[in-house]
Amino acid sequence: IGDFFTERFQSKSLGAAYAAFSVFYFMYYIAIGLTAVGKTVEIMTPMPQSAYSANQVASVEAFGRYAELERQYKSGRELNTRQSTELESLRQKKQAGEIQSHFSYINSRTAVPVIALVILIYAILGGLKAAVITDFIQGVLIIVLSFVIIPFGLREAGWFSGLHQRVPEHMFNLLGSPQTSDYSLLFIVSIILVNLVGIVVQPHMIQICGSARDETAGWG
């Protein structure tokens with residue numbers, strides 16, 4: 001809501017700049033959310049291997065070979081020339097989506113447009129009230145399901161002993177490892193500070209503030 005900045009600082013250019021920023025911000029923000037939803041739908045609607053076509057079987061087998069070589073590479077095991085070439089080729093195929101670990105009855109290319117259309121319809125019909133109700137229900141489900149799913153997942157993996165057997169040891173290091181180096185302590189602290197400072201001017205926070213009676217009530 002660029003109007004907030006226009007009225008607060010008496011600057012139409014600042015309001016326009018924030019409106020443009022909000023458009024690009026939400027394009028990125030919503031894209032991440034829809035991608036996650038699409039992947040979740042695929043996981044929830046798996047196709048049994050007996051229903052795979054010949055091309056799908058070949059794709060899954062190639063992905064299995066890729067996962068095996070990638071696991072060997074990350075564990076520090078030296079690959080020979082043929083294996084290195086094969087791994088690089090399979091990496092490119094994975095990035096292009098030519099090989100997959102599984103197939104589902106509903107893929108993300110179908111699920112994402114349908115879900116986006118549903119969101120668009122209820123947002124237009126319900127406005128801010130619909131967004132508040134949706135966020136409330138979503139928040140409760142996230143908290144509850146985040147804990148509910150843990151015992152089921154551990155049971156499938158063979159509890160903690162089975163989990164350690166199935167997952168490489170470096171994956172249990174929250175700060176990464178020489179093989180992955182995903183997140184350093186400095187990176188985590190920086191992200192926390194950036195979010196604490198920046199959350200108050202994110203577009204959806206401004207929207208909540210914009211629904212208040214006045215500026216004092218909004219920021220209070």
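The values are calculated or read from the model by the stated rules, or taken from the named source; none is laboratory data. Here the structure is a predicted model, which is why all the values come from computation and not from measurement. Positions of Cβ are generated from backbone atoms using ideal geometry, with glycine treated the same way; all protein chains shown enter the neighbour counts. Just so you know, the surface numbers come from the protein's heavy atoms only, side chains and all, with ligands and any DNA or RNA stripped out. Shrake-Rupley method; radii C 1.70, N 1.55, O 1.52, S 1.80 Å.
Listed values, structure above:
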| quantity | calculated |
| --- | --- |
| As computed over the stretch 1-95, the Cα convex hull volume per residue (Å³) | 191 |
| Residue (of Val57, Leu117, Met47) at the positive-pole extreme of the stretch 31-128, dipole from beta-carbon charges | Leu117 |
| Förster radius 25 Å - calculated FRET efficiency between Met47 and Asn80, Cβ distance, rounded to 0.05 | 0.10 |
| Whole-number percent relative contact order across the stretch 40-108, with pairs defined as alpha carbons under 8 Å at least 6 apart | 60 |
| The chain, relative contact order in percent, only Cα pairs under 8 angstrom and at least six apart counted | 21 |
| Average accessible area per residue (Å²) across the chain - probe 1.4 Å, nucleic acids and ligands excluded | 74 |
| Reference-scaled alpha-carbon Rg (2.2 N^0.38 Å with N residues) for the chain | 1.35 |
| Cα centroid separation - the stretch 11-61 against the stretch 94-133, whole Å | 7 |
| Span-like helix ranges in the chain, DSSP H, alpha carbon extent 18 angstrom or more, Kyte mean at least -1.0 | 12-44, 54-74, 108-157, 185-198 |
| Anchor Lys94: lysines whose Cα lies under 26 Å away (excluding residues fewer than 8 positions away in-chain) | Lys39, Lys74 |
| Overall form of the stretch 82-165 per C-alpha gyration tensor (a/c, 1.5; a/b vs b/c) | oblate |
| Point-charge dipole on Cβ atoms (K/R +1, D/E -1) for the chain, about Cα centre, debye to 20 | 200 |
